[in-house]
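Here the structure is laid out as structure tokens; the discussion comes afterwards.
The values are calculated or read from the model by the stated rules, or taken from the named source; none is laboratory data. Just so it is clear, the model here is predicted, and its values are computed rather than measured. Positions of Cβ are backbone-derived with ideal geometry, glycine not excepted, and every protein chain shown enters the neighbour counts. Protein only, heavy atoms only, side chains kept; ligands, DNA and RNA dropped before computing areas. Shrake-Rupley method; radii C 1.70, N 1.55, O 1.52, S 1.80 Å.
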Amino acid sequence: DAGITQSPRHKVTETGTPVTLRCHQTENHRYMYWYRQDPGHGLRLIHYSYGVKDTDKGEVSDGYSVSRSKTEDFLLTLESATSSQTSVYFCAISESYRGGEKLFFGSGTQLSVL
Amino acid sequence: AQTVTQSQPEMSVQEAETVTLSCTYDTSESNYYLFWYKQPPSRQMILVIRQEAYKQQNATENRFSVNFQKAAKSFSLKISDSQLGDTAMYFCAFMKLRFLSNFGNEKLTFGTGTRLTIIP
């Protein structure tokens, strides 16, 4: 699992409340990613980070913000959760392998916004 | 922008048979990686196999192999001697390749997935 831990594993919240999801890695990887998974869409990139305090937007970044104050932690925040943000959220890290790259994923967080 | 298409939403096959999952992609890039990921009911995303576009030889990993047709932009996954544990969603994914200093910040573009059921 490349040392990736996501928390919480499940969360139920109400519309309009802020939510923060945490991704923690133990192997000092520089690059980290947040994806969301929805039926009929596969996985789509929300935000990614290429170092401490260095982040950039993905294809579905509206309504989300991220922070990375330490190499090991990448936080995803929903400032004011909406029902359209009900989804499974995956964190991933990029790892060099035989001269190339692979992405390894955490176990996911099921978020339900009521 | 890249797109990845998986045209088979669902498939099923008898245990021990061979099954092929289809994937096509669209890109203007000449150097890239292609991946198949497996997602069992546990929800974990598991890397099954990876193909470098600059390699002509098709990748294999035990019972899993790919048929990579670069000109046709096709990347199918063949599972031989299918087992009950192969029951899962399978996602095809594309990643651009960068040869210079920016290794590691590539982003995956996923297809919508194929739900594969192995029948006992």
>> Restricting to the range A:59-98, give me the number of residues that are in a loop (DSSP other than H, G, I, E, B) and either at the interface with chain B (Cβ under 8 Å from one of its Cβ atoms) or farther than 20 Å from B:Trp36 by Cβ (or both).
In response: 12
>> Just to check your reading of the model, which residue among B:Gln51, B:Gln57 is in a loop (DSSP other than H, G, I, E, B) and modelled with pLDDT under 95?
In response: B:Gln57
> Restricting attention to the range B:79-102, which residues are within 14 Å of chain A (Cβ to nearest Cβ) and either modelled with pLDDT of 80 or more or touching a strand residue (DSSP E or B) at 6+ places or on another chain (Cβ under 6 Å) (or both)?
Replying inline: B:Ala88, B:Met89, B:Tyr90, B:Phe91, B:Cys92, B:Ala93, B:Phe94, B:Met95, B:Lys96, B:Leu97
>> Consider the range A:23-58. How many of its residues are in contact with a His (Cβ under 7 Å, 6 or more places away or on another chain), assigned to a loop (DSSP other than H, G, I, E, B) and without any contact (Cβ under 8 Å) to a residue 12 or more places away in the chain?
In response: 0
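Tell me the residue from A:Thr77, A:Thr5, A:Thr20 that is open to solvent by 70 Å² or more (accessible area, probe 1.4 Å), in contact with a strand residue (DSSP E or B) (Cβ under 6 Å, 6 or more places away or on another chain) and without any contact (Cβ under 8 Å) to a residue 60 or more places away in the chain, please. Break it down stepwise before answering.
On the way: A:Thr77 fails: open to solvent by 70 Å² or more (accessible area, probe 1.4 Å); A:Thr5 fails: without any contact (Cβ under 8 Å) to a residue 60 or more places away in the chain.
Exactly one of A:Thr77, A:Thr5, A:Thr20 is open to solvent by 70 Å² or more (accessible area, probe 1.4 Å), in contact with a strand residue (DSSP E or B) (Cβ under 6 Å, 6 or more places away or on another chain) and without any contact (Cβ under 8 Å) to a residue 60 or more places away in the chain, namely A:Thr20.
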> Say we look at the range A:27-47 and pick out the residues that are within 9 Å of another protein chain (Cβ to nearest Cβ) and at pLDDT below 90; which of these is least open to solvent (accessible area, probe 1.4 Å)?
Replying inline: A:Gly42
> For the range B:3-41, how many residues are small (Gly, Ala, Ser), open to solvent by 60 Å² or more (accessible area, probe 1.4 Å) and either on the phi > 0 side of the Ramachandran plot or in contact with a strand residue (DSSP E or B) (Cβ under 9 Å, 6 or more places away or on another chain) (or both)?
Replying inline: 3
